[in-house]
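First the structure, in the form of structure tokens, and then the observations on it.
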Amino acid sequence: MTATPSNGENGESDRDKAKIDAEFEAMMRGIDIDDSILGSGDEPPTGYAVPGSLRKPTGPNTPGSAGSLTGPTPATPGGSGDDVEVPDDLSTLHDSAPAEDPAAPTPIAIVATPLASAKALAGVVRLALAAEDDRTPFPEGAVTAQAETGAILTGHVDEEEAHTLARLVSLGLQRQGVVMFWRRGDRMIAFRYRAGRNEGETSPALVLGALAGEVEDLLLGVDALEDLEETYDPSSISRLEAVKWIAGGRRK
């Protein structure tokens, strides 16, 4: 009696899965990236100056706000902090406090890669998710897109989710390094990732200089993520589709 191969949730048999893994491993051999853009040896300070025309004083660092780096606004002459009345029931303070500042800048993350195809990158990320049995929640709204210097994975995500994106991409590319950028308002950071591991912070200015101007424009908000053409959601495809997308991208 011949045993019937078991099928996964995407209609894949165990034999198909083994074949997919073997093909993916073969496909990823020989993908090169110029490690010089990742920085080595002595690096300049990690701070990156956002152009003044793009700066907008909002949030806790606004001069005069409670969390301002420049300190609170001086009190009105004749006024006193002792005049503030504290309510008997402090629980009402939570009811009136907003959950999130609607005026806070929208964050954006970009993971820059050496892949020539945004479709192939989506396939790589999908297989990285599969390698973890899809246990890792994929950040909502993150998509791959084309750039002149290599495909990118980008989305309006928080800082923790940005690291998740970088880890997944580098896990899929294994030996090849990637760089993750994250920006909210005037704050911008960049980290190097390889084989799913965070290899430390680097200078955003140093790495951006080696990438296409369109990547910097997207990061600084000159171009909108919503205006990108031909974006791909890695979480929306099957493993079989992922392998086909990777194969198609490498033939370009």
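Values in this text are rule-based calculations from the coordinates and carry no lab data. Being a predicted model, the structure only gives us computed values, none of them experimental. Because the Cβ atoms are built from the backbone with ideal geometry, glycine has one as well, and the counts that use them run over all protein chains shown.
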Dipole in debye (nearest 20) - region 97-170, about Cα centre, beta carbon charges: Lys, Arg +1; Asp, Glu -1:
420
Under 25 °C and 0.890 mPa s, how fast does region 116-252 diffuse according to Stokes-Einstein, given a Kirkwood radius computed over C-alpha pairs? Answer in µm²/s, whole number.
164
Once fully extended, how much extra length lies between S236 and E201, figured as 0.36 nm per residue of separation less the alpha-carbon to alpha-carbon distance?
9.5 nm
Let me check the size of region 106-158 from its C-alpha atoms; what are the radius of gyration and Dmax in Å?
11.3, 32
Collect residues whose amide H, placed 1.01 Å from N in the peptide plane, falls under 5 Å from the amide H of M188; neighbours closer than 5 in sequence don't count.
Y48
Residue-wise HN-Hα coupling along region 151-168, computed from phi with Karplus coefficients 6.51, -1.76, 1.60 (Hz; x: Gly, Pro):
5, 10, 10, 9, x, 7, 10, 6, 5, 5, 5, 4, 5, 5, 4, 5, 5, 5
Mind listing the phi-derived Karplus ³J(HN,Hα) values for region 125-135, rounded to whole Hz, using 6.51, -1.76 and 1.60 with θ = phi - 60°, and x for any glycine or proline?
5, 4, 6, 5, 5, 5, 5, 9, 6, 6, 7
Among F191, L211, A224, whose Cα lies farthest out toward the positive end of the dipole of region 180-235, if unit charges sit on the beta carbon of Lys, Arg (+1) and Asp, Glu (-1)?
F191
Spin-label pair E140/D217, simplified geometry with 7 Å Cα→Cβ offset, distance in nm
3.0
Per-residue ³J(HN,Hα) for region 187-195, Karplus 6.51 cos²θ - 1.76 cosθ + 1.60, θ = phi - 60°, Hz, x for Gly and Pro
8, 9, 9, 9, 9, 9, 10, 8, 6
Could you size up the charge dipole of region 159-211 around its Cα centre, putting +1 on the beta carbon of Lys and Arg and -1 on that of Asp and Glu, and report it in debye to the nearest 20?
180
Roughly how many nanometres apart are two label points built 7 Å out from the Cα toward the Cβ at E226 and E148?
2.7
Cα-centre dipole for region 116-252 with unit charges at Cβ (Lys and Arg positive, Asp and Glu negative), debye to 20
880
Rounded, prolate or oblate for region 133-207? Axes are the square roots of the Cα gyration tensor eigenvalues, ordered a ≥ b ≥ c, and the cut-off for rounded is a/c under 1.5.
rounded
